[in-house]
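The values are calculated or read from the model by the stated rules, or taken from the named source; none is laboratory data. What you see is a predicted model; the values in this text were computed from it and never measured. Here Cβ is always computed from backbone atoms with ideal geometry, including for glycine, and neighbour counts include all displayed protein chains. Note: areas computed on protein heavy atoms with side chains; ligands, DNA, RNA excluded. Shrake-Rupley method; radii C 1.70, N 1.55, O 1.52, S 1.80 Å.
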Amino acid sequence: MQGPFVIAAASILAGAALAQAYRPGPENIAFPAGFEREFIRYATVDKPDRKIVRFLYVNREAFEAARQGEPLPYGTVIVMADKRARLGADGTPLLDLDGRIITEPDYTVVAVQQKERGWGEGYGPEKRNGEWEYASFTPEGQRRSVSLDGCFSCHLQARKAEDYAFQFWDYVQARRR
Ligand code: HEC
(Lines give C-alpha, C1' and ligand atoms only; values in the text may rest on other atoms or scores of the structure.)
Protein backbone atom coordinates (compact mmCIF):
# COMPACT_ATOMS: atom_id res chain seq x y z
CA MET A 1 0.00 0.00 0.00
CA GLN A 2 3.02 2.25 0.23
CA GLY A 3 3.67 2.51 -3.51
CA PRO A 4 0.67 4.57 -4.67
CA PHE A 5 1.00 6.89 -1.66
CA VAL A 6 4.68 7.53 -2.35
CA ILE A 7 3.96 8.19 -6.02
CA ALA A 8 1.10 10.56 -5.16
CA ALA A 9 3.21 12.43 -2.61
CA ALA A 10 6.11 12.66 -5.05
CA SER A 11 3.92 14.09 -7.82
CA ILE A 12 2.43 16.67 -5.43
CA LEU A 13 5.95 17.74 -4.46
CA ALA A 14 6.97 17.88 -8.12
CA GLY A 15 3.95 20.08 -8.85
CA ALA A 16 4.89 22.44 -6.00
CA ALA A 17 8.47 22.62 -7.26
CA LEU A 18 7.25 23.45 -10.78
CA ALA A 19 5.01 26.22 -9.48
CA GLN A 20 8.01 27.79 -7.74
CA ALA A 21 10.42 27.27 -10.59
CA TYR A 22 10.23 30.82 -12.02
CA ARG A 23 13.64 32.20 -12.95
CA PRO A 24 13.81 35.48 -14.83
CA GLY A 25 14.49 35.02 -18.54
CA PRO A 26 12.94 34.61 -21.98
CA GLU A 27 12.60 30.82 -21.61
CA ASN A 28 9.47 31.47 -19.56
CA ILE A 29 7.73 32.43 -22.79
CA ALA A 30 6.82 29.58 -25.12
CA PHE A 31 6.52 30.25 -28.85
CA PRO A 32 2.85 31.06 -29.47
CA ALA A 33 2.42 28.49 -32.23
CA GLY A 34 -0.72 29.09 -34.29
CA PHE A 35 -1.11 32.69 -33.13
CA GLU A 36 -2.56 33.73 -36.50
CA ARG A 37 -5.47 31.34 -35.97
CA GLU A 38 -5.84 31.39 -32.19
CA PHE A 39 -5.15 35.04 -31.33
CA ILE A 40 -6.93 38.27 -32.21
CA ARG A 41 -5.21 40.70 -34.57
CA TYR A 42 -6.09 44.03 -32.98
CA ALA A 43 -3.73 46.31 -34.92
CA THR A 44 -1.53 46.49 -38.00
CA VAL A 45 1.15 49.17 -38.09
CA ASP A 46 2.82 50.33 -41.31
CA LYS A 47 6.38 51.55 -40.79
CA PRO A 48 7.33 53.15 -44.11
CA ASP A 49 10.61 54.52 -42.70
CA ARG A 50 11.73 50.99 -41.78
CA LYS A 51 10.01 49.39 -44.77
CA ILE A 52 8.14 46.89 -42.60
CA VAL A 53 4.60 46.15 -41.44
CA ARG A 54 3.95 44.95 -37.89
CA PHE A 55 1.05 42.57 -37.25
CA LEU A 56 -0.10 42.75 -33.64
CA TYR A 57 -1.97 39.90 -32.01
CA VAL A 58 -3.16 39.14 -28.48
CA ASN A 59 -4.56 35.97 -26.97
CA ARG A 60 -8.33 35.85 -26.86
CA GLU A 61 -8.61 35.59 -23.05
CA ALA A 62 -6.66 38.81 -22.56
CA PHE A 63 -8.55 40.49 -25.40
CA GLU A 64 -11.80 39.76 -23.55
CA ALA A 65 -10.57 40.45 -20.01
CA ALA A 66 -8.66 43.72 -20.53
CA ARG A 67 -10.43 46.79 -19.11
CA GLN A 68 -9.92 50.51 -19.67
CA GLY A 69 -7.66 52.16 -17.11
CA GLU A 70 -6.66 48.88 -15.48
CA PRO A 71 -3.39 46.97 -15.71
CA LEU A 72 -3.51 44.29 -18.41
CA PRO A 73 -4.66 40.91 -17.11
CA TYR A 74 -2.36 38.10 -16.03
CA GLY A 75 -1.97 35.66 -18.87
CA THR A 76 -1.70 38.40 -21.50
CA VAL A 77 0.42 37.29 -24.48
CA ILE A 78 1.10 40.01 -27.05
CA VAL A 79 2.69 39.05 -30.36
CA MET A 80 4.31 41.51 -32.76
CA ALA A 81 5.15 39.78 -36.03
CA ASP A 82 6.96 41.78 -38.72
CA LYS A 83 6.92 41.42 -42.49
CA ARG A 84 9.08 43.28 -45.00
CA ALA A 85 7.45 45.71 -47.37
CA ARG A 86 7.36 44.72 -51.01
CA LEU A 87 9.44 47.36 -52.78
CA GLY A 88 8.92 49.06 -56.11
CA ALA A 89 11.65 49.63 -58.67
CA ASP A 90 12.60 52.87 -56.90
CA GLY A 91 13.09 51.02 -53.58
CA THR A 92 10.08 52.49 -51.79
CA PRO A 93 7.22 50.33 -50.39
CA LEU A 94 4.38 49.47 -52.75
CA LEU A 95 0.99 50.62 -51.47
CA ASP A 96 -2.43 49.04 -51.91
CA LEU A 97 -5.58 51.00 -52.81
CA ASP A 98 -6.11 51.92 -49.15
CA GLY A 99 -2.62 53.37 -49.02
CA ARG A 100 -1.36 50.53 -46.82
CA ILE A 101 2.01 48.89 -47.39
CA ILE A 102 1.97 45.68 -49.44
CA THR A 103 4.13 43.04 -47.72
CA GLU A 104 6.31 40.12 -48.64
CA PRO A 105 4.63 36.86 -47.63
CA ASP A 106 6.83 35.70 -44.76
CA TYR A 107 7.35 37.01 -41.26
CA THR A 108 10.90 38.05 -40.42
CA VAL A 109 10.65 38.05 -36.62
CA VAL A 110 8.07 37.23 -33.96
CA ALA A 111 8.46 39.33 -30.79
CA VAL A 112 6.44 38.39 -27.73
CA GLN A 113 5.70 39.94 -24.36
CA GLN A 114 3.84 37.98 -21.71
CA LYS A 115 2.58 38.86 -18.23
CA GLU A 116 2.14 36.29 -15.47
CA ARG A 117 1.68 36.66 -11.73
CA GLY A 118 5.07 36.76 -10.00
CA TRP A 119 7.12 37.23 -13.17
CA GLY A 120 9.80 39.94 -13.13
CA GLU A 121 10.93 38.92 -9.66
CA GLY A 122 14.73 39.02 -9.71
CA TYR A 123 15.23 41.87 -12.16
CA GLY A 124 16.61 45.09 -10.73
CA PRO A 125 14.52 48.28 -10.80
CA GLU A 126 16.49 49.60 -13.79
CA LYS A 127 15.28 46.62 -15.83
CA ARG A 128 12.11 45.20 -14.34
CA ASN A 129 8.94 45.70 -16.36
CA GLY A 130 6.35 44.84 -13.72
CA GLU A 131 5.47 41.19 -14.27
CA TRP A 132 6.35 41.04 -17.97
CA GLU A 133 8.91 38.93 -19.80
CA TYR A 134 10.07 39.38 -23.41
CA ALA A 135 11.18 36.91 -26.06
CA SER A 136 12.19 37.01 -29.70
CA PHE A 137 11.61 34.12 -32.12
CA THR A 138 12.13 33.27 -35.74
CA PRO A 139 8.86 32.66 -37.64
CA GLU A 140 9.56 28.93 -37.26
CA GLY A 141 9.61 29.28 -33.47
CA GLN A 142 13.36 29.13 -32.78
CA ARG A 143 14.65 31.51 -30.12
CA ARG A 144 16.75 34.27 -31.66
CA SER A 145 20.06 34.81 -29.89
CA VAL A 146 19.65 38.56 -29.47
CA SER A 147 19.97 40.65 -26.34
CA LEU A 148 16.62 41.41 -24.78
CA ASP A 149 17.93 44.28 -22.64
CA GLY A 150 16.65 46.79 -25.21
CA CYS A 151 13.10 45.38 -24.97
CA PHE A 152 13.06 46.00 -21.23
CA SER A 153 14.68 49.43 -21.30
CA CYS A 154 12.65 50.87 -24.18
CA HIS A 155 9.27 49.59 -22.95
CA LEU A 156 10.16 50.70 -19.40
CA GLN A 157 11.11 54.22 -20.43
CA ALA A 158 8.30 54.74 -22.92
CA ARG A 159 5.31 52.93 -21.41
CA LYS A 160 5.60 52.33 -17.66
CA ALA A 161 2.27 54.08 -17.07
CA GLU A 162 0.62 51.96 -19.79
CA ASP A 163 1.60 48.63 -18.21
CA TYR A 164 4.65 48.46 -20.53
CA ALA A 165 2.49 47.84 -23.60
CA PHE A 166 1.99 50.03 -26.66
CA GLN A 167 -0.69 49.30 -29.23
CA PHE A 168 -2.67 46.86 -27.10
CA TRP A 169 -2.93 49.33 -24.24
CA ASP A 170 -4.07 52.03 -26.66
CA TYR A 171 -6.52 49.63 -28.29
CA VAL A 172 -8.12 48.76 -24.94
CA GLN A 173 -8.45 52.42 -23.97
CA ALA A 174 -10.02 53.35 -27.31
CA ARG A 175 -12.42 50.50 -27.97
CA ARG A 176 -16.12 50.91 -27.31
CA ARG A 177 -16.86 47.48 -25.86
C1 HEC B 1 13.48 51.42 -29.06
C2 HEC B 1 12.25 50.99 -28.43
C3 HEC B 1 11.82 49.54 -28.44
C4 HEC B 1 12.59 48.42 -28.28
C5 HEC B 1 14.08 48.32 -28.11
C6 HEC B 1 11.67 47.29 -28.31
N7 HEC B 1 10.39 47.73 -28.48
FE8 HEC B 1 8.74 46.57 -28.49
N9 HEC B 1 7.64 48.16 -29.06
C10 HEC B 1 8.11 49.45 -29.26
C11 HEC B 1 7.07 50.27 -29.88
C12 HEC B 1 7.19 51.73 -30.25
C13 HEC B 1 5.97 49.40 -30.07
C14 HEC B 1 4.64 49.73 -30.73
C15 HEC B 1 4.62 49.18 -32.16
C16 HEC B 1 5.30 50.14 -33.11
O17 HEC B 1 4.83 51.28 -33.23
O18 HEC B 1 6.31 49.75 -33.71
C19 HEC B 1 6.36 48.11 -29.52
C20 HEC B 1 5.50 47.03 -29.46
C21 HEC B 1 5.86 45.79 -28.98
C22 HEC B 1 4.95 44.70 -28.83
C23 HEC B 1 3.45 44.81 -29.04
C24 HEC B 1 2.93 45.51 -27.77
C25 HEC B 1 1.58 46.16 -27.90
O26 HEC B 1 1.06 46.65 -26.87
O27 HEC B 1 1.00 46.22 -28.97
C28 HEC B 1 5.67 43.62 -28.42
C29 HEC B 1 5.15 42.24 -28.13
C30 HEC B 1 7.03 44.05 -28.31
N31 HEC B 1 7.11 45.38 -28.65
C32 HEC B 1 8.07 43.23 -27.94
C33 HEC B 1 9.40 43.65 -27.94
C34 HEC B 1 10.52 42.76 -27.77
C35 HEC B 1 10.44 41.27 -27.53
C36 HEC B 1 11.64 43.53 -27.85
C37 HEC B 1 13.09 43.10 -27.78
C38 HEC B 1 13.52 42.02 -28.64
C39 HEC B 1 11.20 44.90 -28.08
N40 HEC B 1 9.85 44.93 -28.12
C41 HEC B 1 12.07 45.98 -28.19
C42 HEC B 1 9.34 49.90 -28.88
C43 HEC B 1 10.42 49.08 -28.61
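Compute the angle between helix 2-19 and the longest alpha-carbon principal axis of the chain, please, reported from 0 to 90 degrees and rounded to the nearest 10.
Here the helix axis deviates by roughly 40 degrees.
Along segment 98-105, what does the Karplus equation 6.51 cos²θ - 1.76 cosθ + 1.60 (θ = phi - 60°) give for ³J(HN,Hα), rounded to whole Hz, x for Gly and Pro?
8, x, 8, 5, 7, 10, 5, x
Less than 18 Å from a label point 7 Å out along the Cα-to-Cβ axis of Thr108: which backbone N atoms in segment 34-48 qualify, by residue?
What the label zone holds, given the 18 Å backbone N cut-off, is 44-48.
Just from its helices, what would the mean residue ellipticity at 222 nm be for the chain, if runs of 4 or more DSSP H residues each count -39500 (n - 2.57) and the sum is divided by every residue, rounded to the nearest 500 deg cm²/dmol? If you can, show how the numbers build up before the last one.
On the way: 5 runs with 47 residues, N = 177.
Calculated from helices alone, the mean residue ellipticity at 222 nm is -7500 deg cm²/dmol.
Express in whole angstrom the spacing between the alpha-carbon centres of segment 119-152 and segment 20-73.
Each part reduced to its Cα centre gives a spacing of 13 Å.
Would you mind working out the accessible area per residue for segment 25-174, using a 1.4 Å probe, and quoting it in Å²?
Details: 8260 Å² over 150 residues.
Result: 55 Å² per residue.
Which of the listed residues, Ile102, Leu56, Gln113, is farthest toward the dipole's positive end in segment 25-174, when Lys, Arg count +1 and Asp, Glu count -1 at the beta-carbon?
Towards the positive end, the residue furthest out is Ile102.
Carbon and sulfur atoms: what percent of the 1.4 Å accessible area of the chain do they account for?
Details: 5770 of 10890 Å².
The computed percentage sits at 53.
Determine ³J(HN,Hα), in whole Hz, for all residues of segment 162-173 in sequence, where each value follows from phi through the Karplus function 6.51 cos²θ - 1.76 cosθ + 1.60 and θ = phi - 60°; x replaces Gly and Pro.
Each residue of segment 162-173 in turn: 10, 6, 6, 9, 10, 5, 5, 4, 4, 4, 5, 5 Hz.
Using a 7 Å offset from the Cα along the Cα-to-Cβ direction at both Lys47 and Ala174, what is the distance between the two label points in nm, to one decimal?
The answer from the label model is 1.8 nm.
Pop a pseudo-label 7 angstrom from the Cα along the beta-carbon direction at both Glu162 and Glu38 and give the gap in nm to one decimal.
It works out to 2.7 nm between the two label points.
Please identify, among Gly130, Gly150, Gly88, the residue showing maximal mean-square fluctuation in a Gaussian network model of the chain using a 10 angstrom Cα cutoff.
Highest fluctuation among the options: Gly88.
Taking every pair of alpha-carbon atoms in the chain, what share in percent sits in each 10 Å bin, from 0 to the bin with the longest distance?
9, 31, 32, 17, 7, 3, 1, 0
What are the ³J(HN,Hα) values, in whole Hz, obtained from phi via the Karplus relation 6.51 cos²θ - 1.76 cosθ + 1.60 with θ = phi - 60°, for each residue of segment 25-40 in sequence order, with x given for Gly and Pro?
Coupling constants for segment 25-40: x, x, 5, 5, 9, 8, 4, x, 4, x, 4, 5, 8, 7, 8, 9 Hz.
How would you rank 91-100, 109-118, highest first, on the average number of other Cβ atoms within 10 Å across their residues?
On the way: 91-100: 10.5, 109-118: 18.3.
Final packing ranking: 109-118, 91-100.
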